[in-house]
1. With r as the distance between the Cβ atoms of Ala258 and Glu353 and R0 = 30 Å, compute the FRET efficiency 1/(1 + (r/R0)^6) and round to 0.05.
2. As an exercise, take the mean of 1/r over every pair of distinct alpha carbons in the range 312-371, invert it, and state the Kirkwood radius in angstroms.
3. Spelling out what I want: for every residue of the range 36-49, take phi, set θ = phi - 60°, compute 6.51 cos²θ - 1.76 cosθ + 1.60 (Karplus), and round to whole Hz; glycine and proline get x.
4. About the Cα centre of the range 229-380, what is the dipole size in debye to 20, counting +1 per Lys and Arg Cβ and -1 per Asp and Glu Cβ, all else neutral?
5. Looking at the chain, identify the longest residue range that excludes and avoids all GluC sites (Glu not before Pro) in DSSP loops having at most 16 other Cβ atoms within 10 Å.
6. Can you tell me how the chain classifies by the Cα gyration tensor, rounded, prolate or oblate, using a/c under 1.5 as the rounded cut?
7. Any chance you could look up the accessible area of Tyr291 with a 1.4 Å probe, heavy atoms only, rounded to 10 Å²?
8. Using only helices, what value at 222 nm comes out for the chain when you add -39,500 (n - 2.57) per DSSP H run of length 4 or more and divide by the total residues, to the nearest 500 deg cm²/dmol?
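The values are calculated or read from the model by the stated rules, or taken from the named source; none is laboratory data. Note that this is a predicted model, so its numbers are computed, not measured. All Cβ positions, glycine included, derive from the backbone under ideal geometry; neighbour counts span all protein chains shown. To get the accessible areas, we keep the full protein, side chains included, count just its heavy atoms, and leave off ligands, DNA and RNA. Shrake-Rupley method; radii C 1.70, N 1.55, O 1.52, S 1.80 Å.
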Amino acid sequence: MAHAGVSSGRDSFHFPSRPSYCAPMTVLSPSGPERLSRARSDLRVGLPVILRDGAARALVAGAETVSGDRLAALCGDGAAELALTHWRAETLKIRVYDGDLVRLPLSPGTLLRQLRAMIDPAGDLATPLKGPFAAIRGGDATLARAGLALAKSARILPAVIVRPVADAPDDLTEIGIDQIAPPTPARLAPVVSAGLPIAASVATRLHVFRPGDGAEEHYAVEVGRPDRQAPVLARLHSACFTGDVLGSLKCDCGAQLAAALDHMAKAGGGILLYLNQEGRGIGLANKMRAYALQDQGFDTVEANHRLGFDDDERDFGLGAAILSELGVGSVRLMTNNPRKVDRLAAEGISVVERVPLWVGETRFNRDYLRVKAEKSGHLS
């Protein structure tokens, strides 16, 4: 039997004892975007991460996902704080001193059920008497703010436990706050494209794009062969599992998706960008939480605020990045949302025309459409 590195005929392999070149081992260490991917994953499974701002460091854990044992460990010396967005603070009637967030002291005896009651609005109507809360006034809220941004990007409730530390376990993910929302977002790299005949048009290609920070992939559905030298008929469509896949009657997303593709096919070509930003960017689980609140009588925007989110957490700059990768510089944009027009223009994509996309109103989506017009500025 031949051994590695030993010649036993013309078909044998030879492995040199020393490589002729060895890259520095530092290239094996995680980059900033890769650390961000790790940190998101850790928060989702309930593992704390270390956030760093210069010399200041803190353990940060997702209040939704942390276990009882870890909560006790974080709160053990009375130094831990709970950070909530100003939207959630408004629901709980907490005075806001830090602008966009509040910080509440957590005592060593804080129980998991008490924590859940503060962060999850599911039981607000059943147990309205919470507090009184005495928000922390003064001090630096930078790490708390970064922790909330990280929780949002992990698609968990925007509520985090923050405990300043000098030393922490060396097997936890550590990340600088500048890596959570870097000035230059991770590039969307093209992965693959292939022909995909669909009901609207058999001459369709699907392009898959993957960000370098481990976030969700996004897709471009290219109908026909649109001329890149002329304004391309385009649409930014946010993923909606309930509407696009299940045919939900609570929204008009599935109908808009089908109508946009049909319109592109009849026009001879177009590009639909399918952005994985479910529930206006809060994720499917939080979207279902918002639906549960709507069952209690709150509208779409009010439900998002009670959960701690902004009206709309989506980043339409992703659409501009994909269009640029596809060589598209100007578009005729199918949308009723002026924010999409403004964001594409800000990112260098010329919107030469807004093409309204109206698919009708039903008794199930009437209030949803009204709120989009009255509170989100959607046009007809």
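1. Numbers: r = 22 Å, r/R0 = 0.72.
So the FRET efficiency works out to roughly 0.90.
2. Values: mean 1/r = 0.0779 Å⁻¹.
The answer is 12.8 Å.
3. With coefficients 6.51, -1.76 and 1.60, one gets 4, 4, 4, 5, 4, 4, 4, 4, 4, 8, x, 8, x, 10 Hz.
4. That gives a dipole near 240 debye.
5. Values: sites that count: Glu216, Glu217, Glu347, Glu361.
Within the chain, the longest run free of exposed GluC sites (Glu not before Pro) spans 1-215.
6. oblate
7. Surface open to solvent at Tyr291 totals about 40 Å².
8. Details: 12 runs with 117 residues, N = 380.
Mean residue ellipticity, 222 nm, calculated: -9000 deg cm²/dmol.
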